Structure formats: C-alpha cells, structure tokens
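The values are calculated or read from the model by the stated rules, or taken from the named source; none is laboratory data. The shown structure was predicted, so the numbers you read here are calculated from the model rather than taken from an experiment. For neighbour counting, all protein chains shown are included, and Cβ atoms are generated from backbone atoms with ideal geometry for every residue, glycine included. Calculation scope for accessible area: heavy atoms of the full protein, side chains included, ligands and nucleic acids excluded. Shrake-Rupley method; radii C 1.70, N 1.55, O 1.52, S 1.80 Å.
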Amino acid sequence: GRGRPVLMLHGNPTWGYLWRKVVSRLDPERFRMIVPDLIGLGYSDKPRAASEHTLENHIAWMGALIDRLGLEDGVLVVQDWGGPIGLGAAQLRPERVTGLVVLNTAISPPRPGFKASWFHRFARWPVISDLAFRAGQFPQAFLNIAQGDKQSIDFEAMEAYVRPLLDPRDNVAPLALARMVPDTATHPSIPALERCLAYVQGFRGPASIVWGTRDPILGRVLGWVEKNMPDARVWKTRAGHFLQEEVPDEIADGIHHAAAR
C-alpha cells in the first residue's frame, strides 16, 4: 500500500496474528500496515541458541527491518516486548517515527521496589521452567490467564498461537524473552530500557496510550506510563494483557489519534 506506514509490534509469545482484529478496523487505502513477527516467534527465523535473544539484538534486528522497508513518517504501535524493541529501534532513527501508540508494555527498567510478576519469577525456576516452556506449550496455550475476558481467545485463536512453536527445537524464544526481563540492577536489558524511557519522555509527535487494566503482568504500570507521556491521549480499558483480542476498536481509535497531523 501507499498509505501512511503503521508498524505494529507484538511481544511474547504471540506473532502478527495478534493484530488481525485491529488491522480489520483500519482503512488499507489510508494506512500501509506492517505486522512483522519478532525473531524467534511466529513464522520468523528461530535462533536455536537462547543467548541470541538479547534486547540489544532484537532492537538491531527490528532496526534493520525498518531501514530495509525505508519507513518514513511512520506510526509505531507496540505491546509487550514489542515496546522496548520498537522504541529502542525508533530511538536510533527518530526521524522515521512521527506517531506513537503504546499498549501494555514496559517503557523503562523496573522501578526500585518493583516486584516481578509470578510469570517472570517462574521463568527463572531451574529445570521446571525449561520443562514448562520447552515441552508444555507454556505460555502460548494459556494466554487466557492474562485476559480481562477469559473467553476472548477462542480455541481457533489459541491453536494459531501454539502452532508456530510446536517443534521443541524452535521453541527457544518464549523462555528466553521471559528471562530478558530484568531481575537484577545489572541485568543486560537495563541500558536499552533506559534509552527507551528517554525516547518516550522526549517524543513530541501525537501519542496514544491504550491500556488493559486487568492485565495481571502490567495492568498496574499505567500510571507510570501516563506520567512519562503526559501529552498522550489515554484509553483505559477493562482488557487484559493481549488487549488486541479484546479492545481492537479502542486500539484503532488510538492509531487514528497518533496518525493525526
């Protein structure tokens, strides 16, 4: 399409399929919708060494895609790990992104005293976390746990999330990305997360925040995001973590706001 580029970035453990309801609500004449799968997830390349999954690598991979597509005047829409990855790539090429939509994601390192979610604590249990993630279709078969409306991901959708990671050799990213979340003050993700925060604080284009307050992982982070994006328009919803499945209309509204001149 020749429209305004809208780059939509998902997170762990989903793929571009997560955006299908949002895409269906946007005018393809007006927007050129770009919905890549993060490396290691969906139908993208799947490195078999967990050590390749660093935040710096993911930012470099996404930046290379943005450059290759020659994106100009783009609207960046991010959720979950798509946030730090997309914000980190945009921070290095600020002229390419002129509108920003932030869904449930981290925009900074964890603040002092922040308690990691049960999900991220579990991801660091020796042996059992490897078994659950690598052999037990965890968490992709259990996304409903994180939803506001537990019926929002039906069997067909759940199957679509499970299918790309059925081969245990290819199922490296979900656990590796869970462990990319900082658990110490010296975690290797922290410098990139600090750059993300600086980028968000300095962003001067139109911005939207669309948040699912019933997200057990990030629902409580909304106040912190609002504080650091004081000029953004906010849609506060009763959705959970994978809010694209629950509130696609509000997300489309957020994209229209961020795409305004």
(request) Please find, among Ile39, Ile34, the residue that is among the β-branched types (Val, Ile, Thr) and farther than 22 Å from Ile209 by Cβ. (result) Ile39
(message) Quick check on my filter: what residues within the stretch 53-70 are surrounded by 16 or more Cβ atoms within 10 Å (Cβ to Cβ), of a type outside the set (A, V, I, L, M) and more than 18 Å from Asp80 (Cβ to Cβ)?
(response) Gly63
(message) Here are the criteria: (1) assigned to a loop (DSSP other than H, G, I, E, B); (2) more than 24 Å from Thr105 (Cβ to Cβ); (3) at pLDDT 95 or above. Tell me which single one Glu159 does not satisfy.
(response) (1)
(request) Would you mind stating whether Ala176 is within 18 Å of Ser108 (Cβ to Cβ), among the hydrophobic types (A, V, I, L, M, F, W, C), open to solvent by less than 20 Å² (accessible area, probe 1.4 Å) and not in a loop (DSSP other than H, G, I, E, B)? (result) no
(message) Of all residues being assigned to a helix (DSSP H, G or I) and not hydrophobic (A, V, I, L, M, F, W, C) in the stretch 125-156, which is most open to solvent (accessible area, probe 1.4 Å)? Just the residue, please.
(response) Glu156
(message) Given the options Ala185, Ala198, name the one that is out of contact with any Leu (no Cβ under 7 Å at 6 or more places or on another chain), open to solvent by 10 Å² or more (accessible area, probe 1.4 Å) and not in a helix (DSSP H, G or I).
(response) Ala185
(request) State all residues of the stretch 206-231 that are more than 18 Å from the chain's Cα centre (by Cα), surrounded by fewer than 17 Cβ atoms within 10 Å (Cβ to Cβ) and assigned to a loop (DSSP other than H, G, I, E, B); if no residue qualifies, say none. (result) Pro230, Asp231
(request) Could you tell me whether any residue of the stretch 237-249 is at pLDDT 95 or above, surrounded by 16 or more Cβ atoms within 10 Å (Cβ to Cβ), part of a strand (DSSP E or B) and touching an Asp or Glu at 6+ places or on another chain (Cβ under 7 Å)? (result) yes
(request) Output the number of residues of the stretch 1-20 satisfying the condition of being surrounded by fewer than 17 Cβ atoms within 10 Å (Cβ to Cβ) and out of contact with any Phe, Trp or Tyr (no Cβ under 8 Å at 6 or more places or on another chain). (result) 2
(request) Could you pull out every one of the helices (runs of 4 or more DSSP H) wholly within the stretch 8-104 that has 2 or more residues that are at pLDDT 95 or above, on the phi > 0 side of the Ramachandran plot and in contact with a His (Cβ under 9 Å, 6 or more places away or on another chain)? (result) none
(message) Going residue by residue through the stretch 95-107, is there one that turns out to be open to solvent by 10 Å² or more (accessible area, probe 1.4 Å), hydroxyl-bearing (Ser, Thr, Tyr) and under 23 Å from Gln244 (Cα atoms)?
(response) yes
